[in-house]
Amino acid sequence: MSVLADMQSRMHAALIDPHADPAAQALFAHDGRLGAAGGLAIYQRGYFLRIAACMREQFPALCHALGRALFDDFVADYIRDCPPERHTLYDLGRRFADWMEARRPDGDAPEAWVDFMIDLARFEYAAFTMFDAEGNEGNVFATSDTADSALRLQPAFALGRYRFPVASYYHAVRRGEAPLLPAPEPCHVALVRRDYITRTVPLSAPHYTFLAAMLAGSDVDAALARISARFGIDPMMARDMWCGAAGSRERWIEWGLFVAVDAGPVKDI
Amino acid sequence: MPVAAADGKLAGLPRLGLGLGLRNVHFDAILSGEPQDLWFEAISENFMDSGGRPRAILHAVAERYPVVLHGVSLSIGSTDPLDRAYLASLKRLAQDIRPAWVSDHLCWTGVNGHNSHDLLPMPLTEESLAHVAARVRQVQELLERPLILENPSSYVRFAQSTLSEPDFLRALAEETGCGLLLDVNNVYVSCFNAGSDPIAYLDAFPCERVVQMHLAGHQDFGTHVIDTHDRPVRAEVWELFRIAWARTGGAATLLEWDDHIPGFDDCLAELRKAERYMAGDTVSSGAAECVRGGDGVSNPVGFLIPRAMASVMEDAA
Ligand SMILES: [Fe+2]
């Protein structure tokens with residue numbers, strides 16, 4: 001290893017774990033107002049505080065749920081185990097939920113609140129990435145006149161399935177409320193962005209299955225057949241959930257879930 | 001890119017006048033107001049991989065104003081291999097936005113595959129100089145334009161350093177044809193902390209290679225100062241600006257503000273103070289504005305995030 005590489009490795013290791021190598025300050029000149037240890041301490045402190053501030057912005061609801069001090073403790077452990085890799089700060093939270101899952105603070109005796117924190121972290125990161133994901137702004141969306149066979153999901157779309165109502169908890173925190181930890185309750189949601197506004201759409205289990213099928217490439221007919229088979233719903237009823245008087249078709253089109261592809265002849269719905 | 005070609009391109013870069021760092025809290029004010037004599041500097045990483053509103057905003061700003069791209073993660077000094085994916089993404093952004101130039105810092109941001117999200121200082125040695133010069137040449141080749149490198153603010157100096165920062169940058173510029181971004185606040189911060197003389201730093205600095213200057217505020221802790229970008233420019237820094245700007249022959253000048261960011265008009269008012277010093281006014285002692293508070297974290301990296309994140313929740317479908 002070159003002298004330069006060795007110096008960089010040592011300085012970086014001293015940022016990740018300030019206690020690992022007490023002799024790291026020997027890298028630096030001792031004159032100057034801060035001295036070697038004082039100067040290094042500024043980088044060490046800044047490293048953690050900068051990343052923690054950014055993580056609080058990516059996970060505002062989780063920070064609310066845990067309280068700032070505990071959240072910061074989690075972040076400190078997280079970045080020691082998983083130091084940031086990519087050039088973008090947006091990537092900081094990518095591995096957070098998986099890390100919490102692997103390093104559950106409740107160990108072998110699972111506690112519900114930990115499940116909630118993990119699910120909330122997953123939802124928050126999904127919502128956060130949707131804000132800057134590749135989207136359909138500037139292009140044409142499907143309209144209510146688009147044939148079912150031509151409907152496809154747009155790129156800024158994601159599905160999530162959780163053990164707790166994490167989406168409503170998240171939005172309550174974003175509105176400035178102080179929600180209490182919710183009881184377990186299965187929760188399916190879609191995230192979709194149109195005109196740079198990210199919309200959270202709560203879903204029933206059949207709706208979730210329908211959209212999951214479309215996300216995997218099915219068209220509407222195939223996705224409807226899937227929920228009929230999966231939930232034992234009569235095909236007519238399934239179609240009614242889709243495009244009946246109270247069906248989701250109109251609203252989902254209005255919210256920008258779909259684009260139109262050229263898919264052969266137009267058929268009546 | 002041969003040195004002569006880079007030199008030629010440098011000489012052709014425009015004198016942009018006064019500009020502001022593009023920050024998300026100002027997006028609406030910038031795009032709704034009357035166009036004015038101004039330019040913007042965008043943090044490259046905040047827009048490089050953006051498929052959302054930030055990229056659309058940058059497009060709209062670039063249609064109305066000159067824009068330059070300022071990076072914080074090129075890591076030109078790192079001993080890790082150059083990040084080809086990063087450079088390809090930066091090049092795509094540059095092809096899209098057509099900035100007047102592309103800059104980053106004389107620093108390294110990480111090593112061993114990790115990113116510290118800080119601008120870490122280089123040991124200023126002949127080994128570093130050869131290493132950085134080789135990488136600057138590669139980057140210039142790839143981006144097909146001269147790279148503009150900034151002096152970072154620093155809190156340590158490597159015991160092994162044998163060159164001064166001005167000498168290092170001068171040699172680097174001569175060997176590669178790169179341009180320089182002189183941040184006079186960083187000069188003040190680094191020199192104060194090192195106990196050295198900022199005027200002597202400017203005297204040694206190759207001002208003829210300076211394409212752009214930075215102004216910013218720092219926080220004074222008495223024993224040391226930190227480059228916080230969270231307050232007005234201090235009198236000592238205006239004085240360095242007055243001296244250096246004249247020596248650069250009128251380099252483009254930009255105000256950076258990254259934390260506790262005031263409204264757009266207040267930032268503009270702070271920026272326009274530069275006109276006095278460009279006209280040669282000396283700094284009056286009353287010019288120092290002392291602002292207390294803040295958590296003293298150096299702030300080299302502008303983040304966008306939630307204030308630009310609009311969201312709604314629908315009732316059950
Ligand atoms: Fe700067």
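The values are calculated or read from the model by the stated rules, or taken from the named source; none is laboratory data. Remember, predicted model here, so these are calculated numbers, not experimental data. Every residue, glycine among them, receives a Cβ derived from its backbone with ideal geometry; neighbour counts consider all protein chains shown. To get the accessible areas, we keep the full protein, side chains included, count just its heavy atoms, and leave off ligands, DNA and RNA. Shrake-Rupley method; radii C 1.70, N 1.55, O 1.52, S 1.80 Å.
What to note about this one:
- Accessible surface of chain A [probe 1.4 Å, protein heavy atoms]: carbon and sulfur percent: 54 percent
- Where the stretch A:1-133 is the region considered: accessible area per residue in Å², 1.4 Å probe: 39 Å²
- Against the compact-protein benchmark of 2.2 N^0.38 Å, the Cα-based radius of gyration of the stretch A:1-128 scales to 1.23.
- Per residue, the convex hull around the alpha carbon atoms of the stretch B:158-270 comes to 115 Å³.
- For peptide A:9-16, the mean count of partner chain Cβ atoms within 10 Å of a residue's Cβ comes to 4.
- Backbone amide hydrogens, once placed in the peptide plane, bring B:TRP101 within less than 5 Å of B:LEU69, excluding anything fewer than 5 places away on its chain.
- Highest average packing first - A:20-26, B:87-93, B:130-136, A:125-131, Cβ atoms within 10 Å: A:125-131, B:130-136, B:87-93, A:20-26
- Measuring nothing but alpha carbons in chain A and taking Rh as the Kirkwood radius, the Rg to Rh ratio lands at 1.11.
- The alpha carbons of the stretch A:134-269 occupy a box of 52, 40, 27 Å along the principal axes, longest dimension given first.
- Sorting B:186-194, A:201-209, A:188-196, B:32-40 by their mean Cβ neighbour count within 10 Å, with the most densely packed peptide first, gives B:186-194, A:188-196, A:201-209, B:32-40.
- Positive dipole terminus of the stretch B:3-307, leading residue within B:VAL136, B:VAL67, B:HIS260 (C-beta point charges): B:VAL67
- Dividing the summed helix terms, -39500 (n - 2.57) for each DSSP H run of n ≥ 4, by the number of residues in the protein assembly as shown produces a 222 nm estimate of -13000 deg cm²/dmol to the nearest 500.
- Convex hull volume of the C-alpha atoms in the stretch A:157-211, normalised per residue: 68 Å³.
- Share, in percent, of DSSP beta bridges within the protein assembly as shown that are antiparallel, nearest 5: 40 percent
- Think of a 1.4 Å ball rolled over the protein heavy atoms: chain B then has 35 Å² of accessible area per residue.
- Projecting the Cα positions of A:ALA23, A:GLY39, A:TRP113 onto the charge dipole of the stretch A:1-133 (unit charges on Cβ atoms of Lys, Arg, Asp and Glu, taken about the Cα centre) puts A:GLY39 furthest along the positive direction.
- Share antiparallel - DSSP beta bridges, the stretch B:3-307, percent rounded to 5: 10 percent
- Mean Cβ neighbour count within 10 Å, used as a protection proxy, ranking B:20-31, A:105-116 highest first: B:20-31, A:105-116
- Placing +1 on the Cβ of every Lys and Arg and -1 on the Cβ of every Asp and Glu, with nothing else charged, gives chain A a dipole about its Cα centre of roughly 300 debye.
- Accessible surface of chain B, 1.4 Å probe, proportion on carbon and sulfur as whole %: 50 percent
- Within 10 Å of each Cβ in B:156-168, the average number of Cβ atoms from other chains: 4
- Debye, to nearest 20: dipole size of the stretch A:1-133, +1 on Lys, Arg Cβ, -1 on Asp, Glu Cβ: 520 debye
- With a 10 Å cut-off around each Cβ of B:116-125, the average count of Cβ atoms from other chains is 5.
- In plain terms, the bigger the Kirkwood radius, the slower the diffusion; for chain B, with that radius from Cα pairs, at 4 °C and 1.567 mPa s, Stokes-Einstein puts D at 65 µm²/s.
- Along its three principal directions, the equivalent ellipsoid of the protein assembly as shown from the Cα gyration tensor extends over semi-axes of 48, 28, 22 Å, largest first.
- Summed over all non-identical Cα pairs, the Kirkwood treatment of the stretch A:47-199 gives a radius of 16.9 Å.
- Rg/Rh for the stretch B:41-105, where both radii come from Cα atoms and Rh is the Kirkwood radius: 0.98
- Taken over the stretch B:119-203, the convex hull of the Cα atoms encloses 91 Å³ per residue.
- Nearest 10 degrees, 0 to 90: helix A:205-215 Cα axis against chain A principal axis: 80 degrees
- When the accessible areas of B alone and A alone are added and the area of the pair subtracted, with a 1.4 Å probe, the result is around 5800 Å², both sides summed.
- Against the compact-protein benchmark of 2.2 N^0.38 Å, the Cα-based radius of gyration of the stretch B:69-128 scales to 1.19.
- Acute angle (nearest 10 degrees) that the helix A:220-231 long axis makes with the longest principal axis of chain A, alpha-carbon atoms: 80 degrees
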